[in-house]
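Novice: Got a structure here, written out as structure tokens. Questions coming.
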Amino acid sequence: MSFANSLLDWYAENARELPWRSRQSAYRTWVSEIMLQQTQVETVIPYFEAWMARFPDIKSLAAADEQEVLTLWEGLGYYSRARNLHRAAKTLVEEFNGELPQIPEALQRLPGIGPYTAAAIASIAFGADVAAVDGNFRRVFSRLFNITSPARSTDGEKIIWKLAQENLPEGKGGTYNQALMDLGASICTPVNPSCDSCPVSRACLAYELGLQEERPVKLPRKKVPHYLVTAAVIQRDGRVLIAQRHNNSLLGGLWEFPGGTKEEGDADLESCLQREIQEELGVDIRVGTPFGDYKHAYTHFKITLHAFLCELVSREEPQPLASQALAWVHVNDLEDYPMGKVDRLIANRLAKELMDGELPG
């Protein structure tokens, strides 16, 4: 089954105009591929442009402070990606003279670069003839070859990677990979694929059999747990207390309003928050007015966070028993501290209420 020529002809006329393609380099390809993990292209574009304006090359990224890196990444999610970019840039400066290696195996030794990202960089930036199998790639090949194994199963992955490499036209690895990415993004979509306008539909077994909506085969969905979480907006002398998460934790290095997950032994949200603050800060608080409920979905779980305005019961100083640092910050300065989505929503509400005169300055 030959489809590569039709695919590449289509791509030559229909390639998406993207900032990392208009001016290509290994560094720009690397950053874009990391940003595009689990994130839509439209979301990534402004972040990519801001990133390149501040960190135009590997050496400028390596020299940056991690907090600045996280601040620039804020809102893009999956913050370990930003920390890995920063760590890898330092490694590249120290060991590779500030240049990315060209071989996939060497690329994979850098933090945050797995088989797909290594293949994408090697093929797009360095012309290597290696297939780069992402989600779009899996979907296209599952339909083209009518693969009955779940695309993300061990067997499915082996089949797709093998077929992807076997069908790669010699000397055109980067174009082939990008064409398949674009085809999956614009035509061979997860729902209602545009088969009538697909350049490779004549070679597509699933289309021939009328099974395109049933491919790729998916693994059974696991139930996503939901947690109730509390957060304390502790006020003192016109400032609020925030804690910096440990680097090796979820949202590592970011700042948050202290609190934690409600447990079975907690009588209510208020007692949960008092317990968490005693465990995390070693102090007692008076839980006051509710300050909003915030819903958020992470990769493997969901939360509903309940925030409360709080005060310290005594003047004893909180200690970072469960975080790497604490800071008393004026509401207007919270924007200088990188935060996850939910904590930023709380910070923004604080700033608005301060501006509206509803919060003590």
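Since every read-out is calculated from the coordinates, none of them should be taken as a lab result. Everything quoted here is computed from the prediction, not taken from an experiment.
Novice: Amide H neighbours of Ile234 under 5 Å, at least 5 residues apart or on other chains, H built in the peptide plane: list them.
Specialist: The list, which skips near neighbours in sequence, is Leu241, Cys310.
Novice: Here is a further query. Using Cα-Cα distances under 8 Å and only pairs 6 or more residues apart, what relative contact order does the chain have, in percent?
Specialist: 15 percent
Novice: Can I ask one more? Using θ = phi - 60° and the Karplus relation 6.51 cos²θ - 1.76 cosθ + 1.60, list the HN-Hα couplings for region 203-211 in order, rounded to whole Hz, with x at every Gly or Pro.
Specialist: 9, 8, 5, 5, 5, 4, 8, x, 10
Novice: How far is the Cα center of region 125-176 from the Cα center of region 191-251, in Å?
Specialist: 21 Å
Novice: Could I ask something else about it? Can you work out ³J(HN,Hα) from phi for every residue in region 135-149, in order, using Karplus 6.51 cos²θ - 1.76 cosθ + 1.60 and θ = phi - 60°, giving whole Hz and x for Gly and Pro?
Specialist: x, 4, 4, 4, 5, 4, 6, 4, 7, 4, 10, 6, 6, 8, 6
Novice: Also, quick follow-up: Regarding the chain, what is the average projected area of its C-alpha convex hull, in nm²?
Specialist: 21.0 nm²
Novice: Which value, in Å to one decimal place, does the Kirkwood hydrodynamic radius take for region 226-355 when every pair of different Cα atoms is included?
Specialist: Taking every pair of different Cα atoms in region 226-355, averaging 1/r and inverting gives 14.7 Å.
Novice: Cross-link candidates for Lys262: which aspartates and glutamates have Cα within less than 12 Å, leaving aside residues fewer than 8 places away along the same chain?
Specialist: Glu270, Glu276
Novice: In straight Cα distance, which lysines are under 29 Å from Lys158, not counting same-chain residues fewer than 8 positions off?
Specialist: Straight-line reach from Lys158, under 29 Å: Lys172, Lys218, Lys222, Lys223.
Novice: Just the ratio, please: alpha-carbon radius of gyration of region 93-167 over 2.2 N^0.38 Å, N its number of residues.
Specialist: Here the answer is 1.25, to two decimals.
Novice: Can you list residues whose amide H is under 5 Å from Met339's amide H, if they're 5+ apart or on another chain and H is modeled 1.01 Å from N?
Specialist: HN-HN under 5 Å from Met339: Trp255.
Novice: Stick to Cα atoms and the Kirkwood definition of Rh, then tell me Rg/Rh for region 111-253.
Specialist: For region 111-253, the value is 1.18.
Novice: Once phi is turned into ³J(HN,Hα) by the Karplus curve 6.51 cos²θ - 1.76 cosθ + 1.60 with θ = phi - 60°, what whole-Hz value does each residue of region 237-248 show in order, with x for glycine and proline?
Specialist: For region 237-248, the Karplus curve yields 6, x, 10, 10, 9, 10, 10, 9, 5, 4, 4, 8 Hz.
Novice: Then there's this: Search the structure for amide H atoms under 5 Å from the amide H of Val229, placed 1.01 Å from N in the peptide plane, and list their residues when 5 or more places away or on another chain.
Specialist: Distant-sequence amide H within range of Val229: Lys262, Thr304, Leu305, His306.
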